[in-house]
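Just below is one structure, and these are the notes that go with it.
The values are calculated or read from the model by the stated rules, or taken from the named source; none is laboratory data. The structure displayed is predicted, hence computed values, not measured ones. Cβ: placed from backbone, ideal geometry, glycine included. Neighbour counts: every protein chain shown.
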Amino acid sequence: MTKQQRWTADHIPDQTKRVFVVTGANSGLGLATTRALARRGGHVILAVRDEAKGQRAAQEITARQPGASLEVRRVDLADLDSVRAFADQVRFDHARLDVLVNNAGLMAPPRSLNRQGQELQFAANHLGHFALTGLLLDLLSVGTDPRVVSVTSTNHRQATIFFDDLTGERKYSPMGHYNQSKLANAVFGWTLHQRLTAAGSPVRSVLAHPGYTSTNLQTSSPTGMVKLLFGTLLSPLAQSPDQGALPQLYAATEPTVAGGELIGPDGMGELRGAPKRVQLAPRATDAETGRRLWELSEQLTDVRFAL
């Protein structure tokens with residue numbers, strides 16, 4: 001598209017009768033994504049950790065868009081038992097899904113472990129979404145133009161997966177382990193694309209990153225210098241959630257998107273701007289890394305994909 005034709009939420013095709021799951025839908029990018037999909041007629045399941053906040057978000061949307069088709073479901077992506085319970089509820093109430101947007105995330109908290117003993121960011125940002133995707137894949141397989149959108153970050157390009165110290169027991173870095181989880185998102189999205197393609201599945205695995213966007217990700221869990229830097233000092237440079245959500249909306253709805261593509265902002269450094277196709281880091285498409293992470297994720301979640 002030319003500068004005059006840059007993609008915006010107004011370009012989203014009609015989504016009537018399509019069913020979406022958006023994780024982290026009560027604030028930030030997730031709320032902006034939900035709002036835009038509902039505006040175009042989609043039925044959106046708001047997958048949220050705090051159900052009361054999810055209900056308030058749904059009420060905010062319906063106040064502006066009477067008749068918006070929404071439902072709120074609780075899921076704690078850092079807790080695999082909660083992920084399974086959420087998936088069971090969705091399966092009970094829905095015969096199919098069309099799009100899963102794996103959006104929710106944590107950024108740079110002090111080191112802590114989830115109920116299953118995994119580092120919290122790796123658990124919530126990667127393992128929970130890995131498990132959720134596997135548990136809902138059969139519903140997606142019968143959807144209309146079905147897609148899984150994995151939301152990563154430009155930080156995946158400078159990240160390492162600490163296979164020998166996933167939990168940070170020996171050495172923990174809040175940002176280093178955040179970056180690890182974002183690389184895991186990218187590796188998962190790409191490897192899922194490869195496996196879906198090999199299996200002849202109709203589901204497309206697409207990746208997106210929001211550039212630098214002002215959300216509570218930078219303020220709710222980081223501490224110290226990370227919170228000061230991203231939550232305060234650099235915040236004037238950030239774009240709005242409505243703008244930051246455009247890459248994942250493009251990935252979820254644009255008819256021309258192909259599986260395995262990464263969609264990010266078109267501005268300098270991919271920090272802000274309209275959606276365009278951008279490059280995954282070579283480490284995200286490395287076959288051995290993908291195999292190792294996939295097998296480890298299966299082991300840690302006890303979820304096997306029906307491919």
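A count restricted to the stretch 58-92 and to residues that are part of a helix (DSSP H, G or I), out of contact with any Leu (no Cβ under 8 Å at 6 or more places or on another chain), within 20 Å of residue 19 (Cβ to Cβ) and of a type in the set (A, V, I, L, M) stands at 1.
In the stretch 278-297, what count of residues is obtained for those that are within 21 Å of residue 259 (Cβ to Cβ) and either aromatic (Phe, Trp, Tyr) or surrounded by 15 or more Cβ atoms within 10 Å (Cβ to Cβ) (or both)? Number satisfying all stated conditions: 12. Yes or no: residue 37 more than 26 Å from residue 293 (Cβ to Cβ), at pLDDT 95 or above and surrounded by 23 or more Cβ atoms within 10 Å (Cβ to Cβ)? So residue 37 fits the description; yes. Put simply, of 176, 168 the only residue that is in contact with a strand residue (DSSP E or B) (Cβ under 7 Å, 6 or more places away or on another chain) and surrounded by fewer than 24 Cβ atoms within 10 Å (Cβ to Cβ) is 168.
Of all residues in the stretch 290-301, those that are among the small types (Gly, Ala, Ser) have Cβ atoms under 6 Å from Cβ atoms of residues that are at pLDDT 95 or above, 6 or more apart or on another chain, in 290/187; 290/191; 297/130. Of the residues making up the stretch 102-115, just one is assigned to a strand (DSSP E or B) and in contact with a Ser or Thr (Cβ under 6 Å, 6 or more places away or on another chain), namely 102. Quick check: is even one residue across the stretch 267-284 aliphatic (A, V, I, L, M), touching an Asp or Glu at 6+ places or on another chain (Cβ under 8 Å), at pLDDT 95 or above and within 25 Å of residue 78 (Cβ to Cβ)? No, because not a single residue in the stretch 267-284 is aliphatic (A, V, I, L, M), touching an Asp or Glu at 6+ places or on another chain (Cβ under 8 Å), at pLDDT 95 or above and within 25 Å of residue 78 (Cβ to Cβ).
Residue by residue, here is whether (1) at pLDDT 95 or above; (2) in a helix (DSSP H, G or I); (3) more than 26 Å from residue 278 (Cβ to Cβ) holds:
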{"residue": "179", "(1), (2), (3)": "yes, yes, no"}
{"residue": "185", "(1), (2), (3)": "yes, yes, no"}
{"residue": "197", "(1), (2), (3)": "yes, yes, no"}
{"residue": "210", "(1), (2), (3)": "yes, no, no"}
{"residue": "227", "(1), (2), (3)": "no, yes, yes"}
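What are the residues in the stretch 21-39 that are in contact with a helix residue (DSSP H, G or I) (Cβ under 8 Å, 6 or more places away or on another chain) and either assigned to a loop (DSSP other than H, G, I, E, B) or farther than 11 Å from residue 249 by Cβ (or both), if any? Once the filter is applied, which keeps residues that are in contact with a helix residue (DSSP H, G or I) (Cβ under 8 Å, 6 or more places away or on another chain) and either assigned to a loop (DSSP other than H, G, I, E, B) or farther than 11 Å from residue 249 by Cβ (or both), the stretch 21-39 yields 21, 23, 24, 25, 26, 27, 28, 31, 38. Looking across the stretch 90-123, just one residue is out of contact with any helix residue (DSSP H, G or I) (no Cβ under 7 Å at 6 or more places or on another chain) and closer than 16 Å to residue 134 by Cβ, and that is 123. Here residue 25 meets the list (1) surrounded by 18 or more Cβ atoms within 10 Å (Cβ to Cβ); (2) in contact with a Phe, Trp or Tyr (Cβ under 6 Å, 6 or more places away or on another chain) almost entirely, failing just condition (2).
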